[in-house]
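Step one of this worksheet: look at the structure below.
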Amino acid sequence: MRGLALLGLLAATGAGAQTVVQVKQDVVPEPSLGFILELKMGTLVPRVGDEPGLSSNPYQTIFGNSSMIYGGGEVAFIYWHSYGALSVGFGAGYAEKYAPTIVQSTQQPSTSEKTALIIFPLRLPVGYRFDVPWSRFGIPFVPYVKAALLATPWKVTKGGRKEIVNGESGAGLKWGYGFTGGVAFVLDVLSKQMSKDLTNDTGIRHSYIFAEYNFDQLNDFGKVGLNLSARYWTFGLGFEF
Amino acid sequence: MPLSRRAGLALVLLASTVSHAQSITLNFSGSTLTLLQYGPNDCTNPVPIVQFTASGLSSANVCGSLQLWVTNSAACADAPVTSSSDGGTADLVIGTFDLTTVSTGNANSFRVSDMPGVTSASGGCGGSIDVKNAVCASVQFRSAGVGSTCNALTASNLTVRYDNIPPDPPSINLLAQDSQIVVQFSSNNDPDVVYYQVWHAPVPANDSPPSFVFDGQVGSNSGSKPIMGLTNDQEYIVRAYSVDEVLNLSLTPAEATATPLASNGFWAEYKDAGGHEVGGCNATGAAVPSALSVLAVLVAMFRRRR
(Lines give C-alpha, C1' and ligand atoms only; values in the text may rest on other atoms or scores of the structure.)
Protein backbone atom coordinates (compact mmCIF):
# COMPACT_ATOMS: atom_id res chain seq x y z
CA MET A 1 0.00 0.00 0.00
CA ARG A 2 2.73 2.38 0.97
CA GLY A 3 4.73 1.28 -2.09
CA LEU A 4 1.78 2.17 -4.29
CA ALA A 5 1.47 5.52 -2.62
CA LEU A 6 5.13 6.17 -3.16
CA LEU A 7 4.86 5.22 -6.82
CA GLY A 8 1.89 7.56 -7.20
CA LEU A 9 3.80 10.32 -5.52
CA LEU A 10 6.72 9.63 -7.79
CA ALA A 11 4.61 9.82 -10.94
CA ALA A 12 2.92 13.00 -9.81
CA THR A 13 6.13 14.83 -9.14
CA GLY A 14 7.83 13.55 -12.27
CA ALA A 15 10.87 12.59 -10.35
CA GLY A 16 11.30 9.22 -11.99
CA ALA A 17 15.02 9.65 -12.33
CA GLN A 18 15.53 10.35 -8.66
CA THR A 19 16.44 7.80 -6.02
CA VAL A 20 13.42 6.08 -4.50
CA VAL A 21 13.51 5.40 -0.77
CA GLN A 22 11.17 2.58 0.11
CA VAL A 23 9.70 2.73 3.59
CA LYS A 24 9.24 -0.71 5.17
CA GLN A 25 6.91 -1.30 8.08
CA ASP A 26 8.61 -2.56 11.21
CA VAL A 27 6.72 -5.84 11.50
CA VAL A 28 7.73 -8.08 14.36
CA PRO A 29 6.18 -11.54 13.95
CA GLU A 30 4.34 -12.87 16.94
CA PRO A 31 6.09 -15.89 18.47
CA SER A 32 4.13 -19.10 18.32
CA LEU A 33 4.46 -19.79 22.05
CA GLY A 34 3.96 -17.54 25.02
CA PHE A 35 2.39 -16.95 28.37
CA ILE A 36 -0.42 -14.76 29.59
CA LEU A 37 -0.87 -13.43 33.11
CA GLU A 38 -4.14 -11.76 34.04
CA LEU A 39 -5.37 -10.10 37.22
CA LYS A 40 -9.08 -9.47 37.48
CA MET A 41 -11.83 -8.22 39.75
CA GLY A 42 -15.57 -8.27 39.73
CA THR A 43 -18.72 -8.84 41.70
CA LEU A 44 -21.02 -11.81 41.55
CA VAL A 45 -24.22 -13.14 43.08
CA PRO A 46 -24.32 -16.93 43.28
CA ARG A 47 -27.60 -18.38 42.04
CA VAL A 48 -28.25 -20.30 45.27
CA GLY A 49 -31.98 -19.81 44.86
CA ASP A 50 -31.97 -21.75 41.57
CA GLU A 51 -31.72 -25.04 43.44
CA PRO A 52 -34.95 -26.96 42.95
CA GLY A 53 -37.07 -27.48 46.07
CA LEU A 54 -35.90 -24.50 48.12
CA SER A 55 -38.67 -22.71 50.00
CA SER A 56 -36.75 -19.44 49.90
CA ASN A 57 -33.48 -18.04 48.63
CA PRO A 58 -31.12 -18.31 51.62
CA TYR A 59 -28.56 -16.07 49.94
CA GLN A 60 -31.12 -13.28 49.75
CA THR A 61 -32.33 -13.98 53.28
CA ILE A 62 -28.85 -13.52 54.71
CA PHE A 63 -27.03 -11.25 52.30
CA GLY A 64 -29.89 -9.45 50.59
CA ASN A 65 -29.21 -8.43 47.01
CA SER A 66 -25.62 -7.60 47.78
CA SER A 67 -22.90 -9.10 45.59
CA MET A 68 -19.80 -11.00 46.58
CA ILE A 69 -16.56 -9.23 45.77
CA TYR A 70 -14.38 -11.36 43.56
CA GLY A 71 -10.66 -11.09 42.87
CA GLY A 72 -8.46 -13.51 41.02
CA GLY A 73 -5.76 -14.26 38.55
CA GLU A 74 -5.12 -16.52 35.62
CA VAL A 75 -2.04 -17.81 33.86
CA ALA A 76 -2.27 -19.30 30.40
CA PHE A 77 0.13 -20.99 28.01
CA ILE A 78 -0.20 -20.01 24.36
CA TYR A 79 0.48 -23.21 22.48
CA TRP A 80 -0.69 -22.17 19.01
CA HIS A 81 -0.39 -18.74 17.49
CA SER A 82 -1.22 -18.18 13.87
CA TYR A 83 -4.63 -16.91 12.90
CA GLY A 84 -5.36 -15.92 16.49
CA ALA A 85 -4.01 -17.75 19.50
CA LEU A 86 -5.05 -20.81 21.42
CA SER A 87 -4.18 -21.14 25.07
CA VAL A 88 -4.73 -23.39 28.02
CA GLY A 89 -4.47 -22.04 31.55
CA PHE A 90 -5.20 -22.14 35.22
CA GLY A 91 -7.14 -19.55 37.17
CA ALA A 92 -7.68 -19.05 40.87
CA GLY A 93 -9.79 -16.53 42.72
CA TYR A 94 -11.43 -15.61 45.96
CA ALA A 95 -14.81 -14.18 46.80
CA GLU A 96 -16.50 -13.58 50.13
CA LYS A 97 -19.62 -12.07 51.57
CA TYR A 98 -20.28 -11.27 55.23
CA ALA A 99 -23.57 -10.42 56.90
CA PRO A 100 -25.10 -10.62 60.39
CA THR A 101 -26.57 -13.94 61.44
CA ILE A 102 -30.31 -14.16 62.09
CA VAL A 103 -31.26 -14.51 65.76
CA GLN A 104 -33.70 -17.42 65.92
CA SER A 105 -35.92 -16.01 68.66
CA THR A 106 -36.45 -12.63 67.05
CA GLN A 107 -35.68 -13.36 63.38
CA GLN A 108 -33.69 -10.14 63.45
CA PRO A 109 -30.07 -9.68 62.38
CA SER A 110 -27.60 -10.21 65.19
CA THR A 111 -25.61 -7.22 66.29
CA SER A 112 -22.63 -9.23 67.45
CA GLU A 113 -22.26 -12.26 65.16
CA LYS A 114 -21.58 -12.58 61.47
CA THR A 115 -21.86 -15.32 58.93
CA ALA A 116 -19.92 -15.55 55.70
CA LEU A 117 -19.99 -17.40 52.42
CA ILE A 118 -16.45 -17.80 51.12
CA ILE A 119 -15.58 -19.36 47.77
CA PHE A 120 -12.27 -20.11 46.06
CA PRO A 121 -13.08 -20.44 42.35
CA LEU A 122 -10.56 -22.51 40.38
CA ARG A 123 -10.74 -22.94 36.62
CA LEU A 124 -8.94 -24.74 33.79
CA PRO A 125 -9.76 -22.67 30.71
CA VAL A 126 -9.06 -23.28 27.05
CA GLY A 127 -9.15 -19.99 25.21
CA TYR A 128 -9.05 -18.54 21.73
CA ARG A 129 -7.94 -14.97 21.18
CA PHE A 130 -8.69 -13.38 17.84
CA ASP A 131 -5.69 -11.04 17.72
CA VAL A 132 -5.46 -10.77 13.93
CA PRO A 133 -6.88 -7.21 13.83
CA TRP A 134 -4.15 -6.14 16.23
CA SER A 135 -1.22 -8.09 14.86
CA ARG A 136 -1.94 -7.33 11.17
CA PHE A 137 -3.77 -4.02 11.16
CA GLY A 138 -2.89 -2.44 14.47
CA ILE A 139 -6.48 -2.30 15.69
CA PRO A 140 -6.02 -2.51 19.47
CA PHE A 141 -9.04 -4.68 20.29
CA VAL A 142 -8.71 -8.40 20.80
CA PRO A 143 -11.93 -10.36 21.32
CA TYR A 144 -11.65 -13.74 22.92
CA VAL A 145 -13.66 -16.67 24.21
CA LYS A 146 -12.88 -19.34 26.77
CA ALA A 147 -14.40 -22.59 27.92
CA ALA A 148 -13.38 -23.87 31.31
CA LEU A 149 -13.70 -26.69 33.76
CA LEU A 150 -14.53 -25.22 37.17
CA ALA A 151 -13.89 -26.43 40.69
CA THR A 152 -14.88 -24.23 43.60
CA PRO A 153 -14.10 -25.04 47.22
CA TRP A 154 -16.59 -23.20 49.42
CA LYS A 155 -17.04 -22.59 53.11
CA VAL A 156 -19.67 -21.04 55.36
CA THR A 157 -18.60 -19.51 58.65
CA LYS A 158 -20.56 -18.33 61.63
CA GLY A 159 -18.91 -16.41 64.44
CA GLY A 160 -15.57 -16.89 62.71
CA ARG A 161 -15.74 -20.68 62.59
CA LYS A 162 -17.08 -23.16 60.07
CA GLU A 163 -20.82 -23.51 60.52
CA ILE A 164 -22.09 -26.99 61.20
CA VAL A 165 -25.82 -27.84 61.23
CA ASN A 166 -26.98 -31.21 62.56
CA GLY A 167 -23.53 -32.63 61.99
CA GLU A 168 -23.39 -31.45 58.38
CA SER A 169 -20.39 -29.32 57.67
CA GLY A 170 -20.83 -26.03 55.88
CA ALA A 171 -17.96 -26.60 53.48
CA GLY A 172 -17.38 -28.51 50.32
CA LEU A 173 -16.33 -28.51 46.70
CA LYS A 174 -18.53 -27.77 43.71
CA TRP A 175 -17.70 -28.73 40.13
CA GLY A 176 -18.97 -27.27 36.94
CA TYR A 177 -18.15 -25.61 33.67
CA GLY A 178 -18.06 -22.10 32.39
CA PHE A 179 -17.84 -19.94 29.32
CA THR A 180 -16.24 -16.54 29.08
CA GLY A 181 -16.39 -13.95 26.37
CA GLY A 182 -14.51 -10.73 26.46
CA VAL A 183 -12.54 -8.11 24.68
CA ALA A 184 -9.09 -6.76 25.48
CA PHE A 185 -7.81 -3.30 24.71
CA VAL A 186 -4.11 -3.48 23.88
CA LEU A 187 -2.30 -0.77 25.81
CA ASP A 188 0.72 -0.87 23.48
CA VAL A 189 -1.15 1.43 21.15
CA LEU A 190 -1.01 4.26 23.67
CA SER A 191 2.78 4.47 23.60
CA LYS A 192 4.77 2.28 21.28
CA GLN A 193 8.04 3.43 22.80
CA MET A 194 6.91 2.47 26.30
CA SER A 195 5.72 -0.82 24.94
CA LYS A 196 9.13 -1.51 23.39
CA ASP A 197 10.87 -0.53 26.62
CA LEU A 198 8.59 -2.86 28.56
CA THR A 199 9.42 -5.70 26.18
CA ASN A 200 13.15 -5.06 26.40
CA ASP A 201 13.21 -4.58 30.17
CA THR A 202 10.75 -7.23 31.34
CA GLY A 203 9.93 -9.50 28.43
CA ILE A 204 6.29 -8.39 28.46
CA ARG A 205 5.31 -8.34 24.79
CA HIS A 206 1.87 -6.84 25.21
CA SER A 207 -0.16 -5.42 28.05
CA TYR A 208 -3.87 -4.89 27.96
CA ILE A 209 -6.98 -4.18 29.96
CA PHE A 210 -10.03 -6.29 29.45
CA ALA A 211 -13.70 -6.74 30.25
CA GLU A 212 -15.29 -10.14 30.11
CA TYR A 213 -18.60 -11.78 30.83
CA ASN A 214 -18.60 -15.07 32.69
CA PHE A 215 -21.23 -17.77 32.47
CA ASP A 216 -20.34 -20.17 35.27
CA GLN A 217 -22.45 -23.23 35.88
CA LEU A 218 -21.37 -24.57 39.28
CA ASN A 219 -23.87 -27.21 40.35
CA ASP A 220 -21.94 -30.48 40.06
CA PHE A 221 -23.08 -30.79 36.44
CA GLY A 222 -26.76 -30.65 37.27
CA LYS A 223 -26.86 -32.50 40.55
CA VAL A 224 -29.35 -30.99 43.01
CA GLY A 225 -27.44 -29.23 45.75
CA LEU A 226 -25.89 -25.90 46.63
CA ASN A 227 -25.86 -23.93 43.41
CA LEU A 228 -22.92 -21.55 43.12
CA SER A 229 -23.51 -20.74 39.45
CA ALA A 230 -23.15 -17.10 38.52
CA ARG A 231 -23.32 -14.71 35.60
CA TYR A 232 -20.99 -11.82 36.12
CA TRP A 233 -18.55 -9.35 34.67
CA THR A 234 -14.90 -9.15 35.49
CA PHE A 235 -12.40 -6.48 34.58
CA GLY A 236 -8.67 -6.60 34.74
CA LEU A 237 -5.17 -6.13 33.52
CA GLY A 238 -3.24 -8.64 31.45
CA PHE A 239 0.32 -9.20 30.32
CA GLU A 240 1.56 -11.38 27.50
CA PHE A 241 5.09 -12.72 27.69
CA MET B 1 63.20 7.05 57.13
CA PRO B 2 65.85 5.63 59.48
CA LEU B 3 65.16 2.24 60.97
CA SER B 4 64.98 3.56 64.55
CA ARG B 5 62.31 6.10 63.60
CA ARG B 6 60.33 3.43 61.80
CA ALA B 7 60.45 1.25 64.90
CA GLY B 8 59.29 4.18 67.05
CA LEU B 9 56.43 4.91 64.71
CA ALA B 10 55.43 1.26 64.80
CA LEU B 11 55.42 1.31 68.60
CA VAL B 12 53.24 4.42 68.68
CA LEU B 13 50.82 2.83 66.25
CA LEU B 14 50.82 -0.33 68.31
CA ALA B 15 50.15 1.62 71.49
CA SER B 16 47.28 3.48 69.90
CA THR B 17 45.81 0.21 68.72
CA VAL B 18 46.15 -1.33 72.15
CA SER B 19 44.58 1.70 73.77
CA HIS B 20 41.36 0.99 71.86
CA ALA B 21 41.18 -2.68 72.79
CA GLN B 22 40.26 -2.45 76.47
CA SER B 23 36.80 -3.55 77.47
CA ILE B 24 34.74 -4.96 80.32
CA THR B 25 31.68 -7.08 79.63
CA LEU B 26 29.11 -8.22 82.15
CA ASN B 27 26.64 -11.07 82.07
CA PHE B 28 24.34 -12.94 84.40
CA SER B 29 25.59 -16.43 85.11
CA GLY B 30 23.76 -18.99 82.98
CA SER B 31 21.75 -16.40 81.08
CA THR B 32 22.05 -14.35 77.93
CA LEU B 33 19.44 -11.86 79.14
CA THR B 34 20.53 -8.34 79.95
CA LEU B 35 17.30 -7.43 81.73
CA LEU B 36 16.00 -9.53 84.61
CA GLN B 37 12.59 -8.69 86.00
CA TYR B 38 11.19 -9.75 89.34
CA GLY B 39 7.86 -9.49 91.08
CA PRO B 40 6.74 -9.81 94.67
CA ASN B 41 7.09 -13.59 94.63
CA ASP B 42 10.80 -13.29 93.81
CA CYS B 43 11.80 -10.49 96.15
CA THR B 44 13.82 -12.60 98.57
CA ASN B 45 15.33 -14.74 95.83
CA PRO B 46 18.96 -14.28 94.81
CA VAL B 47 19.70 -12.59 91.51
CA PRO B 48 21.94 -14.74 89.25
CA ILE B 49 25.63 -14.14 89.86
CA VAL B 50 27.07 -11.27 87.86
CA GLN B 51 30.18 -12.29 85.91
CA PHE B 52 32.73 -9.97 84.35
CA THR B 53 35.29 -10.42 81.60
CA ALA B 54 38.08 -7.86 81.17
CA SER B 55 40.01 -7.52 77.96
CA GLY B 56 43.17 -5.54 77.26
CA LEU B 57 43.61 -4.62 80.92
CA SER B 58 46.70 -5.66 82.87
CA SER B 59 49.41 -4.34 85.13
CA ALA B 60 50.71 -2.38 82.15
CA ASN B 61 47.75 -0.01 82.05
CA VAL B 62 45.47 -0.57 85.06
CA CYS B 63 45.75 1.98 87.85
CA GLY B 64 43.04 0.82 90.25
CA SER B 65 40.72 -2.01 91.14
CA LEU B 66 37.70 -3.09 89.18
CA GLN B 67 34.53 -2.40 91.11
CA LEU B 68 31.11 -3.92 90.49
CA TRP B 69 27.99 -2.43 92.01
CA VAL B 70 24.24 -2.08 91.66
CA THR B 71 22.81 1.40 91.44
CA ASN B 72 19.40 2.98 91.31
CA SER B 73 20.81 6.03 89.58
CA ALA B 74 19.84 6.83 86.02
CA ALA B 75 23.33 5.99 84.75
CA CYS B 76 26.50 4.35 85.97
CA ALA B 77 29.05 6.71 87.46
CA ASP B 78 32.80 6.16 87.45
CA ALA B 79 32.56 4.73 90.95
CA PRO B 80 29.83 3.53 93.31
CA VAL B 81 28.03 6.25 95.22
CA THR B 82 27.96 5.74 98.93
CA SER B 83 25.63 8.61 99.74
CA SER B 84 21.93 8.80 99.01
CA SER B 85 21.06 9.13 95.37
CA ASP B 86 17.98 7.01 95.28
CA GLY B 87 15.78 8.02 98.12
CA GLY B 88 18.02 6.96 100.96
CA THR B 89 20.00 4.05 99.60
CA ALA B 90 23.62 3.90 98.67
CA ASP B 91 24.78 1.79 95.75
CA LEU B 92 25.27 -1.87 96.52
CA VAL B 93 28.90 -2.89 95.91
CA ILE B 94 29.00 -6.54 94.82
CA GLY B 95 32.71 -7.04 94.18
CA THR B 96 36.22 -5.56 93.92
CA PHE B 97 38.85 -7.23 91.73
CA ASP B 98 42.50 -6.73 90.94
CA LEU B 99 42.85 -6.92 87.17
CA THR B 100 46.59 -7.35 87.41
CA THR B 101 45.92 -10.89 88.59
CA VAL B 102 42.50 -11.84 87.12
CA SER B 103 40.65 -11.04 83.94
CA THR B 104 37.37 -12.82 84.73
CA GLY B 105 35.43 -13.42 87.91
CA ASN B 106 32.13 -13.67 89.73
CA ALA B 107 30.60 -10.90 91.79
CA ASN B 108 29.08 -11.48 95.22
CA SER B 109 25.58 -12.84 95.35
CA PHE B 110 22.77 -10.46 96.20
CA ARG B 111 19.01 -10.71 96.56
CA VAL B 112 16.35 -8.60 94.92
CA SER B 113 15.48 -7.17 98.31
CA ASP B 114 19.11 -6.01 98.76
CA MET B 115 18.94 -3.71 95.77
CA PRO B 116 18.91 0.06 96.10
CA GLY B 117 15.36 1.29 95.75
CA VAL B 118 13.92 -1.85 97.37
CA THR B 119 14.38 -0.60 100.88
CA SER B 120 12.36 -0.38 104.01
CA ALA B 121 11.99 3.33 103.30
CA SER B 122 10.10 2.52 100.13
CA GLY B 123 8.17 -0.34 101.65
CA GLY B 124 10.63 -3.10 100.80
CA CYS B 125 9.33 -6.17 99.07
CA GLY B 126 5.76 -5.27 99.91
CA GLY B 127 6.03 -1.68 98.79
CA SER B 128 4.23 -0.38 95.78
CA ILE B 129 7.38 0.18 93.76
CA ASP B 130 8.70 -0.38 90.25
CA VAL B 131 12.46 0.19 90.19
CA LYS B 132 15.13 -0.50 87.61
CA ASN B 133 18.69 -0.94 88.84
CA ALA B 134 21.75 -0.95 86.63
CA VAL B 135 24.65 -3.31 87.30
CA CYS B 136 27.82 -1.27 86.84
CA ALA B 137 31.52 -2.02 86.51
CA SER B 138 34.35 0.48 86.46
CA VAL B 139 38.14 0.51 86.54
CA GLN B 140 40.73 3.27 86.22
CA PHE B 141 43.32 2.71 83.50
CA ARG B 142 45.84 4.59 81.42
CA SER B 143 44.32 4.88 78.04
CA ALA B 144 47.40 6.43 76.42
CA GLY B 145 49.93 4.03 77.83
CA VAL B 146 52.58 4.24 80.51
CA GLY B 147 52.79 7.60 82.27
CA SER B 148 49.50 8.93 80.95
CA THR B 149 46.54 10.06 83.03
CA CYS B 150 44.18 7.45 84.46
CA ASN B 151 40.65 7.42 83.03
CA ALA B 152 37.62 5.36 83.95
CA LEU B 153 36.44 2.43 81.83
CA THR B 154 32.86 1.45 82.65
CA ALA B 155 30.33 -1.20 81.68
CA SER B 156 26.61 -0.96 82.31
CA ASN B 157 24.83 -3.43 80.07
CA LEU B 158 22.85 -5.28 82.76
CA THR B 159 19.58 -4.22 84.42
CA VAL B 160 17.60 -5.74 87.28
CA ARG B 161 14.00 -4.65 87.72
CA TYR B 162 11.67 -5.12 90.66
CA ASP B 163 8.00 -4.44 89.90
CA ASN B 164 5.38 -4.70 92.61
CA ILE B 165 2.79 -2.44 91.02
CA PRO B 166 -0.28 -4.32 89.73
CA PRO B 167 -1.38 -3.42 86.22
CA ASP B 168 -4.69 -1.76 85.47
CA PRO B 169 -7.53 -4.09 84.51
CA PRO B 170 -8.27 -4.42 80.80
CA SER B 171 -11.24 -2.88 79.06
CA ILE B 172 -13.53 -5.56 77.70
CA ASN B 173 -16.47 -5.75 75.35
CA LEU B 174 -18.62 -8.88 75.09
CA LEU B 175 -20.13 -10.18 71.86
CA ALA B 176 -23.02 -12.52 72.60
CA GLN B 177 -23.22 -15.18 69.90
CA ASP B 178 -24.75 -18.60 69.38
CA SER B 179 -23.61 -20.75 72.34
CA GLN B 180 -20.61 -18.56 72.91
CA ILE B 181 -19.43 -15.19 74.10
CA VAL B 182 -16.48 -13.47 72.49
CA VAL B 183 -14.48 -11.32 74.88
CA GLN B 184 -12.84 -8.41 73.10
CA PHE B 185 -9.97 -6.65 74.86
CA SER B 186 -8.97 -3.05 74.52
CA SER B 187 -5.49 -1.95 75.44
CA ASN B 188 -5.14 -0.24 78.79
CA ASN B 189 -1.90 1.33 77.53
CA ASP B 190 0.16 -0.52 80.13
CA PRO B 191 3.18 -1.92 78.26
CA ASP B 192 3.89 -4.33 81.12
CA VAL B 193 0.72 -6.37 80.55
CA VAL B 194 1.56 -9.63 78.80
CA TYR B 195 -1.72 -11.50 79.01
CA TYR B 196 -5.26 -11.50 80.35
CA GLN B 197 -6.98 -14.09 82.50
CA VAL B 198 -10.62 -14.78 81.67
CA TRP B 199 -13.28 -16.22 83.94
CA HIS B 200 -17.00 -16.70 83.45
CA ALA B 201 -20.00 -17.75 85.51
CA PRO B 202 -23.74 -18.04 84.93
CA VAL B 203 -25.54 -15.19 86.65
CA PRO B 204 -27.24 -16.87 89.62
CA ALA B 205 -31.00 -16.75 89.84
CA ASN B 206 -30.87 -15.83 93.51
CA ASP B 207 -28.45 -13.80 95.61
CA SER B 208 -25.86 -16.55 95.84
CA PRO B 209 -22.37 -15.63 94.60
CA PRO B 210 -21.53 -16.59 91.02
CA SER B 211 -19.43 -19.70 90.58
CA PHE B 212 -16.61 -18.71 88.22
CA VAL B 213 -14.87 -21.04 85.80
CA PHE B 214 -11.35 -20.22 84.58
CA ASP B 215 -11.29 -19.97 80.77
CA GLY B 216 -7.55 -19.64 80.41
CA GLN B 217 -5.36 -16.76 79.49
CA VAL B 218 -4.86 -14.93 76.27
CA GLY B 219 -1.93 -12.84 75.07
CA SER B 220 -2.37 -9.12 75.35
CA ASN B 221 -1.81 -8.80 71.60
CA SER B 222 -4.46 -11.31 70.56
CA GLY B 223 -7.43 -8.96 70.86
CA SER B 224 -10.18 -11.43 71.71
CA LYS B 225 -11.06 -14.77 73.25
CA PRO B 226 -14.18 -16.85 72.66
CA ILE B 227 -15.84 -18.65 75.56
CA MET B 228 -17.55 -21.60 73.91
CA GLY B 229 -20.04 -24.24 74.94
CA LEU B 230 -22.39 -21.86 76.73
CA THR B 231 -26.13 -22.26 77.15
CA ASN B 232 -28.25 -20.01 74.95
CA ASP B 233 -30.63 -17.62 76.72
CA GLN B 234 -28.58 -17.89 79.94
CA GLU B 235 -26.98 -14.65 81.16
CA TYR B 236 -23.26 -14.93 81.98
CA ILE B 237 -20.92 -12.69 83.87
CA VAL B 238 -17.38 -12.44 82.49
CA ARG B 239 -14.35 -11.21 84.37
CA ALA B 240 -10.91 -10.42 82.95
CA TYR B 241 -7.70 -9.60 84.82
CA SER B 242 -4.48 -8.14 83.48
CA VAL B 243 -1.23 -9.94 84.26
CA ASP B 244 2.11 -8.23 83.82
CA GLU B 245 5.59 -9.51 83.03
CA VAL B 246 6.31 -10.52 86.62
CA LEU B 247 2.86 -12.04 87.26
CA ASN B 248 1.37 -9.04 89.05
CA LEU B 249 -2.41 -9.41 88.76
CA SER B 250 -4.65 -6.39 88.39
CA LEU B 251 -6.31 -5.65 91.71
CA THR B 252 -9.78 -5.55 90.20
CA PRO B 253 -11.17 -7.30 87.12
CA ALA B 254 -12.97 -5.87 84.17
CA GLU B 255 -16.51 -7.20 84.37
CA ALA B 256 -19.45 -7.42 81.97
CA THR B 257 -22.48 -9.59 81.28
CA ALA B 258 -23.94 -11.07 78.09
CA THR B 259 -26.52 -13.64 77.03
CA PRO B 260 -25.77 -16.05 74.15
CA LEU B 261 -28.60 -16.42 71.64
CA ALA B 262 -29.28 -19.15 69.08
CA SER B 263 -28.80 -17.86 65.55
CA ASN B 264 -28.73 -18.99 61.95
CA GLY B 265 -25.83 -18.45 59.63
CA PHE B 266 -26.06 -18.88 55.89
CA TRP B 267 -25.65 -22.67 56.14
CA ALA B 268 -28.46 -23.02 58.69
CA GLU B 269 -30.75 -20.79 56.62
CA TYR B 270 -29.93 -22.90 53.56
CA LYS B 271 -30.75 -26.13 55.38
CA ASP B 272 -33.91 -24.61 56.86
CA ALA B 273 -35.02 -23.67 53.35
CA GLY B 274 -34.73 -27.31 52.31
CA GLY B 275 -31.25 -27.28 50.78
CA HIS B 276 -30.05 -30.67 49.57
CA GLU B 277 -26.34 -30.04 49.88
CA VAL B 278 -24.60 -32.15 52.49
CA GLY B 279 -21.20 -30.51 52.30
CA GLY B 280 -17.87 -32.24 51.94
CA CYS B 281 -16.00 -33.06 48.77
CA ASN B 282 -17.72 -36.30 47.77
CA ALA B 283 -20.63 -34.87 45.83
CA THR B 284 -19.19 -35.05 42.36
CA GLY B 285 -19.59 -38.67 41.36
CA ALA B 286 -18.20 -39.59 37.99
CA ALA B 287 -18.91 -36.26 36.40
CA VAL B 288 -15.54 -34.66 37.05
CA PRO B 289 -13.33 -37.41 35.67
CA SER B 290 -15.63 -37.50 32.64
CA ALA B 291 -15.35 -33.78 32.07
CA LEU B 292 -11.58 -33.90 32.45
CA SER B 293 -11.41 -36.72 29.92
CA VAL B 294 -13.49 -34.77 27.42
CA LEU B 295 -11.23 -31.76 27.85
CA ALA B 296 -8.11 -33.84 27.32
CA VAL B 297 -9.57 -35.49 24.21
CA LEU B 298 -10.52 -32.12 22.72
CA VAL B 299 -7.01 -30.73 23.24
CA ALA B 300 -5.44 -33.88 21.78
CA MET B 301 -7.72 -33.80 18.74
CA PHE B 302 -6.91 -30.19 18.07
CA ARG B 303 -3.17 -30.77 18.28
CA ARG B 304 -3.40 -33.78 15.92
CA ARG B 305 -5.24 -31.71 13.31
CA ARG B 306 -2.40 -29.22 13.28
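For residues that are buried (at least 20 other Cβ atoms within 10 Å of the Cβ) and touching a Phe, Trp or Tyr at 6+ places or on another chain (Cβ under 8 Å), scanning just the range A:67-85, find the one that is farthest from the other protein chains (Cβ to nearest Cβ).
Among those residues, the one meeting the criterion is A:G72.
Being at pLDDT 85 or above and either buried (at least 18 other Cβ atoms within 10 Å of the Cβ) or under 17 Å from B:A134 (Cβ atoms) (or both) is the filter here, so list the residues in the range B:78-104 that pass it.
The answer is B:D78, B:A79, B:P80, B:D91, B:L92, B:V93, B:I94, B:G95, B:F97, B:L99.
For residues that are within 27 Å of B:A144 (Cα to Cα) and either in contact with a helix residue (DSSP H, G or I) (Cβ under 7 Å, 6 or more places away or on another chain) or buried (at least 16 other Cβ atoms within 10 Å of the Cβ) (or both), tally how many sit in the range B:65-77.
6
Read through the list (1) at pLDDT below 95; (2) more than 8 Å from chain B (Cβ to nearest Cβ); (3) in a strand (DSSP E or B), then give the number of the only condition that A:S110 fails.
Unmet condition: (2).
How many residues does the range B:113-158 hold that are β-branched (V, I, T), under 23 Å from B:L66 (Cα atoms) and not in a loop (DSSP other than H, G, I, E, B)?
3
Answer yes or no as to whether B:G265 is outside the structural domain of B:S128 (by TED's automatic domain parsing) and modelled with pLDDT under 95.
no
Do you know which residues across the range B:243-271 are within 11 Å of another protein chain (Cβ to nearest Cβ) and closer than 15 Å to B:V198 by Cα?
Matches in the range B:243-271: B:A258 only.
Hey, can you tell me all the residues within the range A:217-241 that are in a strand (DSSP E or B) and either hydroxyl-bearing (S, T, Y) or under 12 Å from the mean Cα position of the chain (by Cα) (or both)?
Passing the criteria: A:Y232, A:W233, A:T234, A:F235, A:G236, A:L237, A:G238.
Out of B:T159, B:T231, I need the residue that is in the same structural domain as B:Q51 (by TED's automatic domain parsing) and either of a type outside the set (F, W, Y) or more than 25 Å from B:L33 (Cβ to Cβ) (or both). Which one?
Checking each option against the conditions leaves just B:T159.
Could you list all residues from the range B:56-83 that are in contact with a Ser or Thr (Cβ under 6 Å, 6 or more places away or on another chain) and of a type in the set (S, T, Y)?
Across the range B:56-83, the qualifying residues are B:S59, B:S65, B:S73.
Between residues in the range A:215-241 that are free of Cβ contacts under 8 Å to residues at least 40 places away in the same chain and residues that are surrounded by fewer than 16 Cβ atoms within 10 Å (Cβ to Cβ) and in a loop (DSSP other than H, G, I, E, B), which pairs lie under 8 Å by C-beta distance while being six or more apart or on different chains?
A:K223/B:G285
For the range A:163-173, how many residues meet the condition of being surrounded by fewer than 16 Cβ atoms within 10 Å (Cβ to Cβ) and in a strand (DSSP E or B)?
Of the residues in the range A:163-173, 1 are surrounded by fewer than 16 Cβ atoms within 10 Å (Cβ to Cβ) and in a strand (DSSP E or B).
Determine if the range A:127-148 includes at least one residue that is at the interface with chain B (Cβ under 8 Å from one of its Cβ atoms) and either in a strand (DSSP E or B) or at negative phi (or both).
no
For the structure I just gave you, tell me whether A:S105 is on the phi < 0 side of the Ramachandran plot, among the polar types (S, T, N, Q) and either more than 9 Å from chain B (Cβ to nearest Cβ) or surrounded by 15 or more Cβ atoms within 10 Å (Cβ to Cβ) (or both).
no
Which one of the conditions (1) in contact with a Phe, Trp or Tyr (Cβ under 9 Å, 6 or more places away or on another chain); (2) at the interface with another protein chain (Cβ under 9 Å from one of its Cβ atoms); (3) closer than 17 Å to B:Y270 by Cα does A:N166 fail to meet, given that it meets all the rest?
Failing condition for A:N166: (1).
Residues of the range B:259-269 being among the hydrophobic types (A, V, I, L, M, F, W, C) and surrounded by 24 or more Cβ atoms within 10 Å (Cβ to Cβ), which ones?
B:F266, B:W267, B:A268
Does at least one position in the range B:206-225 carry a residue that is within 14 Å of chain A (Cβ to nearest Cβ) and in a loop (DSSP other than H, G, I, E, B)?
The answer is yes, given that some residue of the range B:206-225 is within 14 Å of chain A (Cβ to nearest Cβ) and in a loop (DSSP other than H, G, I, E, B).
The values are calculated or read from the model by the stated rules, or taken from the named source; none is laboratory data. This structure is a prediction, so every number in the text was calculated from the model and none was measured. Neighbour counts run over all protein chains shown; Cβ positions are idealised from the backbone, glycine included.
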